[in-house]
1. Take the alpha carbon gyration tensor of segment A:176-245, find the square roots of its eigenvalues, order them as a ≥ b ≥ c, and report rounded if a/c is under 1.5; if not, report prolate when a/b exceeds b/c, else oblate.
2. Indicate the gyration tensor shape class of segment A:69-139 (rounded, prolate or oblate), computed on the Cα atoms with a ≥ b ≥ c the square roots of the eigenvalues: a/c under 1.5 is rounded; otherwise a/b larger than b/c is prolate and the rest oblate.
3. Please determine, in degrees from 0 to 90 and to the nearest 10, the orientation of helix B:102-113 with respect to the longest principal axis defined by the Cα atoms of chain B, where the helix direction is its Cα long axis.
4. Please compute the modelled spin-label separation between B:R217 and A:A218, points set 7 Å along Cα→Cβ, answer in nm with one decimal.
5. What are the aspartates and glutamates whose alpha-carbon lies under 12 Å from the alpha-carbon of B:K10, with same-chain residues fewer than 8 places away excluded?
6. Kindly give Rg over Rh for chain B, based on alpha-carbon atoms, with the Kirkwood expression for the hydrodynamic radius.
7. At 1.4 Å probe size, what's the solvent-accessible area of A:T271? Round to the nearest 10 Å².
8. Using only Cα atoms and rounding to the nearest 10 degrees, what angle (0 to 90) does helix B:76-86 make with the longest principal axis of chain B?
Amino acid sequence: MRHVVLVAGRDLRARRGRYALAALAIAAGTALLVALSTVTFGLKVYVEGQIRELYPADIMLYSDRIEIPVDIVEVIGSMEGVDAVEPLILVGASLGGRGATLVGIPIDDVDYFAISLVEGRLPRSGGEAIVEETLGDLYGGRATVELTESLLGPARRIEVEVVGVLESLLKGFVQTFQVNLVVVPLGWLQEVLGAEGFVNAVLITVRDKAYVEPLADALKEAFPSAQVYTQRSLIRAAIRIVDLLGVFFNVIIAVTLAISGIVVFAVMAITARERMREVALLKAIGVSGRAVALSVLLEVLAISVVGGVTGMAAGYYGAHVLKALLGYMGVSFDLPILAVPEVFVGGVATALAVAVASSTLPIVRLSRLRPLEILARGQ
Amino acid sequence: MAISLVDVDKVYRPSRDVEVVALRGATLTVERGEIVALMGPSGSGKTTALNIMGTLDRPTRGRVYVAGFDVTEADEGFLEALRLHYIGFVFQSINLVPSLTALENVALPMLAAGYPRHEAYRKARLLLDAVGLLDRAGHYPHQLSGGQQQRVAIARALANMPLILILDEPTSNVDVATARALLTLFREINSVLGTTIVMATHDPEVASIAGKVVYVRGGVVSRSAVKLAEVAGEPVDVERVRESMRRVFELEKELMSDMAGRNELVRRKAQLLP
Ligand SMILES: Nc1ncnc2c1ncn2[C@@H]1O[C@H](COP(=O)(O)OP(=O)(O)O)[C@@H](O)[C@H]1O
Ligand SMILES: [Mg+2]
């Protein structure tokens, strides 16, 4: 084994410039992989956190019609494992041309929704509303919420007085997530819509996540015309969107890694060609083909570990740079850049795999070389 | 007997309809401890014969025995081990690994054979001293002259104390003085270590150190009737060379008892050494 290490070490030194190039190619691929994976991971963490904030409940029962009797709240509340049940009305609306969501919540249970006010106070009586920061310009005045004709009822206008501003959820992450909430007391909204005793959404929080699935199934059966969302299913749906971005990233990563692989292959193929005489000599004096293969493999591993670890570090800091860059471009949400061990390990492992795969052909060629072909030609 | 070729043909087919007969019915026996010179013009088949004796090439027809083994159809793994432990080569041109120093080149076959690192380098130094190049131990091949490279190659060929030393035109790239020094070295290796030497040459002076001269012409091998003249002059300090060879041999005997426990080929070799 010592001869394997000796030959590998000395060759690494003799061709260090060229091997540094190969390591650089590997580093570039790994850096991109680690940077984009770190950003994707951060995005998932961010989106998941935002969804948990936006939908604090574990289960949401939702219908297009205001047809769910409020009495059901009592029934669900008494069920095994249920912690809290909140009825509410969620209606798509527009406010001076801007899309908005009109939400009626029981004012007594406002704590449940963990609303944090930026300005003003909570609504106390009918006709008062609080709006999201994105509609903050309406604070202190009156506003007209327009409802179009829908399954909920005919088109109508509702006048509200904006008494407070709540902190934007999702902090303006993606336009479609910008819900422009207008929150009013539930009782009043029921009255206005002529739907006393009914809601179109129920939020349920359970004591133990194990209750989520059976409870969701039971609700689906009880309200076949309504949809049952679990927080997990919402997160999954959102993660799927992030994953779509991930697929795009993966294409970029794959192309870069392919280029890294080609560079490594070129370097190793040229080197193999140059080393044919040397290897022929080694085999002639009794060094085995396996030892030759092992020696070159050792070099490739050394090159890719150096490249992989460099790329890993560069990628992690690159993710910070990417975030700063997005900031300059106006995307100003606080994307968490986390040091994810899986991403690091995956990055280095990919570096090794790409380098070894790209060197296989030159390595096999060298190890199978028949010494006489070269020695005879040299004579 | 060390090597035996029995009715060996070697036919090369460089392309589909070209046949080159490099050896034709070659029969030759090399006894243990003998120095045999293959003489003949360029292209007569000397290198081909050496390659077959050294197990680097296989005959098209006939049988080949090396150190008591029938190697005609032996598998490549066994031949690699045989070359590592029993045969030392000095090739016509390519002989040293360019990225290794002279010392490392000499130590390499010992490391491959599993000698402890320290001992391998100790013996490599003794061998370099024997060929008069200890002061060049740290030099790379490109920093050495042709003759110096040749001597490092000889030290490398002797590293694992081979039973057989195969030399292909060992003096073709060096001046007359260096050539004579090398011949003295070969004779001392043969007499102190008992190494069987087979060499190809077209130089009668080189052949003169051989106990047996064999002529190769057009692939046909024939025993020489003539015993050639002695080497003129003694340009090197024979006593010194002989002394360093003895030191190599003593160290080797020490190391070999260790190695023999691990390797069947080495155990057999230990019994065959003087
Ligand atoms: N690999 C080969 N392919 C084809 N012909 C070869 C090959 N090796 C040697 N020969 C031919 O075989 C003959 C003997 O060559 P060689 O043994 O090298 O002669 P020498 O060493 O005596 O100069 C020459 O005609 C040479 O051209
Ligand atoms: Mg020749």
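1. Values: a/c = 2.29, a/b = 1.30, b/c = 1.76.
Oblate shape, in that a/c is at least 1.5 and b/c is the bigger or equal ratio.
2. Numbers: a/c = 2.60, a/b = 1.89, b/c = 1.37.
Prolate is the answer for segment A:69-139, as a/c is 1.5 or above and a/b outweighs b/c.
3. Between helix and principal axis, roughly 70 degrees.
4. 11.0
5. B:E19, B:D57
6. On the way: Rg = 18.0 Å, Rh = 18.9 Å.
Here Rg/Rh amounts to 0.95.
7. Accessible area of A:T271: about 0 Å².
8. That works out to roughly 50 degrees.
The values are calculated or read from the model by the stated rules, or taken from the named source; none is laboratory data. Note that the coordinates shown come from a computational prediction; the quantities given were computed from them, not determined experimentally. Backbone-built Cβ (ideal geometry, glycine too); neighbour counts: all protein chains shown. For accessibility, only protein heavy atoms count, side chains too; no ligands or nucleic acids. Shrake-Rupley method; radii C 1.70, N 1.55, O 1.52, S 1.80 Å.
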